[in-house]
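Okay, here's the structure, questions in a sec.
None of the figures in this text is laboratory data; all of them are computed from the coordinates on show. Everything quoted here is computed from the prediction, not taken from an experiment. Positions of Cβ are generated from backbone atoms using ideal geometry, with glycine treated the same way; all protein chains shown enter the neighbour counts.
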Amino acid sequence: MTRSTTRFTGKSVLVTGGGSGIGRAVALAFAREGARVAVAGRTASALAETVALIEQEGGAAVALTGSVSDAADAARLVRETVEQLGALDIAVNNAGVFGGVGRIADVAEEEWRQLIDINLTGTWYAMKHQIAHLRANGGGAIVNISSNLGTHLRVENVGAYAVSKAAVATLTRSAARDHIAEGVRINLVSPGPIDTTMSSLPGESASAKADRMKGSVPAARAGAVEEVAAAVLHLASEESAFTVGADLVLDGGITA
């Protein structure tokens, strides 16, 4: 494994939604900088792939299956991280879903509930148990993943998703103020279009997606998952010790 720094050597990190996309990139990035990583999510096979990638590079990781939208699972993920890694120093709450496409009045009730249950309530459940552990054990850092949709941008037909992510932003900043005196430092990353399946239209080819990004993003491309991971690691590191309640937008200039 090639490490650019050893910023996180000796640290234990929990990453939710770590089976693919941004979560996988974040888990790999922490491991490359010396952390032990617990990769959590709902799909065991995807988590196993992330762990295998980390181990192939000489890193240390474990897979924890569970859903943050279940309060008992959220508590268990923290407990098992500590049991298997020996500690919990940093948590990254990336688990989330996209959905509720359509005008607000036309969104189905079950789609609304799923967005709120996973994106908002799931983040709260996760933070509740992470904060409880961190403040009792000398403090630590939490980085939540939101979206530029919501607080920073509203567009037609994705209002339900935007609401859930705007709520995550408010939750993060409120928690940051509430718990910094207890040694728990909390911040937020709000990505725009990132080169994952979530940013692709149904049936869209890679070339068509690239053309669409050139026409809609000032930076003329989608972001890379590694760029989001770099932002997360920066906010989790001691380099950001005075950064509390920040909302770091990575969207290629869309909301500039």
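Per 0.36 nm of contour for each residue apart, how much would the distance between Thr243 and Thr6 grow if the chain were fully extended, relative to their Cα-Cα spacing?
Taking 0.36 nm per residue and subtracting the Cα distance, the gain is 83.3 nm.
Can you give the calculated 222 nm mean residue ellipticity of the chain, where each DSSP H run of n ≥ 4 adds -39,500 (n - 2.57) and the sum is split over every residue, rounded to the nearest 500 deg cm²/dmol?
-13000 deg cm²/dmol
If contacts are Cα pairs under 8 angstrom and at least 6 residues apart, what is the relative contact order of the chain in percent?
18 percent
Answer rounded, prolate or oblate for region 37-143, using the Cα gyration tensor with square roots of eigenvalues a ≥ b ≥ c: rounded when a/c is under 1.5, else prolate when a/b is larger than b/c, else oblate.
It comes out oblate by the Cα gyration axes.
So what's the angle, to the nearest 10 degrees on a 0 to 90 scale, between helix 21-32 and the longest Cα principal axis of the chain?
30 degrees
I've got another one for you. Straight-line reach only, C-alpha to C-alpha below 18 angstrom: list the aspartates and glutamates that Lys165 could link to, leaving out same-chain residues fewer than 8 apart.
Within reach: Glu109, Glu110, Glu111, Asp117, Glu156, Asp247, Asp251.
Oh, and also: Considering only C-alpha atoms, what is the centroid distance from region 100-140 to region 1-44, in Å?
Here the two parts' Cα centres lie 21 Å apart.
Would you please give the residues with an amide H less than 5 Å from that of Ala60, counting only those at least 5 places away or on a separate chain, with H modeled from the backbone geometry?
Close amide H contacts, sequence-distant or interchain: Val37.
I'd like the orientation of helix 159-179 relative to the chain: the angle between its Cα long axis and the longest Cα principal axis, in ° from 0 to 90, rounded to 10.
Once rounded, the angle reads 30 degrees.
Whose amide H sits under 5 Å from the amide H of Ser190, counting only residues 5 or more places off or on another chain, with H placed in the peptide plane?
So Ser190 has HN proximity to Ser146, Leu248, Val249, Leu250.
If you don't mind, another one. Could you tell me how many degrees, from 0 to 90 and to the nearest 10, lie between the Cα long axis of helix 71-85 and the main elongation axis, the longest principal axis, of the Cα atoms of the chain?
Once rounded, one gets 50 degrees.
For region 105-120, take each phi angle, set θ = phi - 60°, evaluate the Karplus expression 6.51 cos²θ - 1.76 cosθ + 1.60, and give the result in whole Hz per residue in order, putting x for glycine and proline.
Result, rounded to whole Hz: 6, 9, 6, 5, 4, 5, 5, 4, 4, 5, 4, 5, 4, 8, 5, 9.
Scan around Val184 for amide H atoms under 5 Å from its own, H built in the peptide plane at 1.01 Å from N, and keep only partners 5 or more places away or cross-chain.
Gly140
Now for a separate question. Using a/c under 1.5 as the rounded threshold, could you call region 133-181 rounded, prolate or oblate? The axes a ≥ b ≥ c are square roots of the C-alpha gyration tensor eigenvalues, and prolate needs a/b larger than b/c, oblate otherwise.
prolate
If you don't mind, another one. Using the per-residue mean of other Cβ atoms lying within 10 Å as a proxy for protection, in what order, highest first, do the peptides 213-221, 101-109, 150-158 fall?
150-158, 213-221, 101-109
Name the lysines eligible as straight-distance cross-link partners of Lys11: C-alpha to C-alpha under 25 Å, and not fewer than 8 places from it in the same chain.
Partners within reach: Lys128.
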